[in-house]
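One structure is given below, encoded as structure tokens.
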Ligand SMILES: NC(=O)C[C@H](N)C(=O)O
């Protein structure tokens, strides 16, 4: 069973009308996964026994017609903790870590009777843009298996793009939902900072991290965000703003909408083929009755530099807990306490994670704090001001998600700066705490290219409206990748 021709509404109708039982659906999903995933490696760990038990119970008790997610198979990134289900963050450090509690997002999924079918591969501790820094295995792009799926939520993106699940959840600190969504031709939403609880998300950059949904269609994405959004007493940074029905108002009518196209997002460094897809998207929006005008985000070019100081500083602090004593991996044959710390961390973390910890520790250290961490905070404010200024006159901002389509496996792994530059167009959005979404826009040499929509804080609704109108007009999402079974 693949999910290319289904969406949440049609699946739900089939379950409610007993065209298929939850157990049949779950079994068919796992059967397909065992055939497809060995070619791609989207999953780190399957949850077959528990999901099938849940499905049996659902069939006995009946599917609730008011609950869109009842019996729906979903995948969860492996940095979101799941009680009694191994959660590794794709690190040797947490290879055998079995959480004793659920992330709030996971509790919400279970409360709505969704079936968590497995945990997806990612860059170690979400640090990377290709899923190649996973301590366990690489994940391949279903459109071309010699290419990366993007990252860090590469496994979640591939699980959806290859038709293995209809919905997956990822996390985005600097682009980790949007860039892999762009590389795989799916819809990925990084909600406003505070929209979704971070409780139970293994922390990377706490002032930047957000969990968000990855789906084939905009409407499914909107429904999935509704399911996970909302205030949570466990996360003081989660917002008390009311959560609107994101699926309401998806009419395809966006006449009069004002959209800004930052000139910095279309200039040097953007692959001309990507630029062409975005120019086509601009035309499409104009045909739909929106106005698209050039705007400027002059400080966005400093985003990557500021991000790698802020995110790495926060990471160096967040990752202190992995000390060989309280959690996870401990080195063998240690001589003394210092040896426990040094060797456990040296052997348990991969190179990219160590690079970030060193970078962050350096920027926070006495004598450098003002020059680096403090300065980066000031740059962050300038970036926020840039966005605020544009949003005085525009409803949305649009541009590419990433400068290129998916690159070849191995091409950027040894060159951190090139890898970091993948997020040049997504990072400013995290620094400003704004919502950003990737919507399939077209193809460059047969590889998917995503359109990024950036909204005002807590205005995901407008983004979904625009994304829906564009999706319905272009129907790009109907194209399916080579691996996954559809063509
Ligand atoms: N985590 C993210 O959002 C991705 C970003 N490429 C990073 O490595 O930090």
Gap separating the Cα centres of segment 306-335 and segment 170-249, nearest whole Å: 25 Å
Inter-part distance where segment 26-46 and segment 115-165 are each reduced to a Cα centre, Å: 13 Å
Rg/Rh for the chain, where both radii come from Cα atoms and Rh is the Kirkwood radius: 0.95
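Want the number for residue 263 to residue 417: 0.36 nm per residue separation, take away the alpha-carbon distance, what's left?
Working: separation 154, 0.36 × 154 = 55.44 nm, distance 2.28 nm.
Computed gain between residue 263 and residue 417 is 53.2 nm.
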Paramagnetic label zone (point 7 Å from Cα along Cα-to-C-beta, residue 382; backbone N under 16 Å) in segment 292-316: 296-310
Residue exposure sequence - 202, 384, 228, 63 - by fewest surrounding Cβ within 10 Å: 384, 63, 228, 202
Least to most buried among 302, 308 (fewest other Cβ within 10 Å first): 302, 308
Label-to-label distance, nm, for residues given as residue 323 and residue 206 (7 Å Cα→Cβ offset): 1.6 nm
Among beta bridges that DSSP assigns inside segment 8-253, antiparallel share in %, nearest 5: 65 percent
Gain in span if fully extended, residue 110 to residue 301, counting 0.36 nm per residue against the direct Cα distance: 64.6 nm
Shape of segment 8-253, Cα gyration tensor, a/c cut at 1.5: rounded
Extension reserve of the residue 248-residue 13 stretch, reckoned as 0.36 nm per residue once the Cα distance is removed: 82.7 nm
Residue 392 paired with residue 475, simple spin-label distance in nm, labels 7 Å along Cα-to-beta-carbon: 4.3 nm
Distance between modelled label sites at residue 237 and residue 255, nm, 7 Å Cα→Cβ extension: 4.2 nm
Calculated FRET value between residue 20 and residue 49, using beta carbons and R₀ = 25 Å, to 0.05: 0.75
Cα centroid separation - segment 346-384 against segment 404-451, whole Å: 22 Å
For the chain, share of DSSP beta bridges that run antiparallel, in % to the nearest 5: 70 percent
Calculated FRET efficiency for the pair residue 273/residue 375, C-beta based, R₀ 51 Å, to 0.05: 0.90
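Just rank 477, 468, fewest to most, by other beta-carbon atoms within 10 angstrom.
Details: 477 20, 468 24.
Fewest-to-most ranking of 477, 468: 477, 468.
Rule-based calculations on the coordinates, nothing more; no lab input. Model, not experiment: these values are computed from the prediction. Cβ coordinates were reconstructed from backbone atoms using ideal geometry, including for glycine residues, and neighbour counts include every protein chain displayed.
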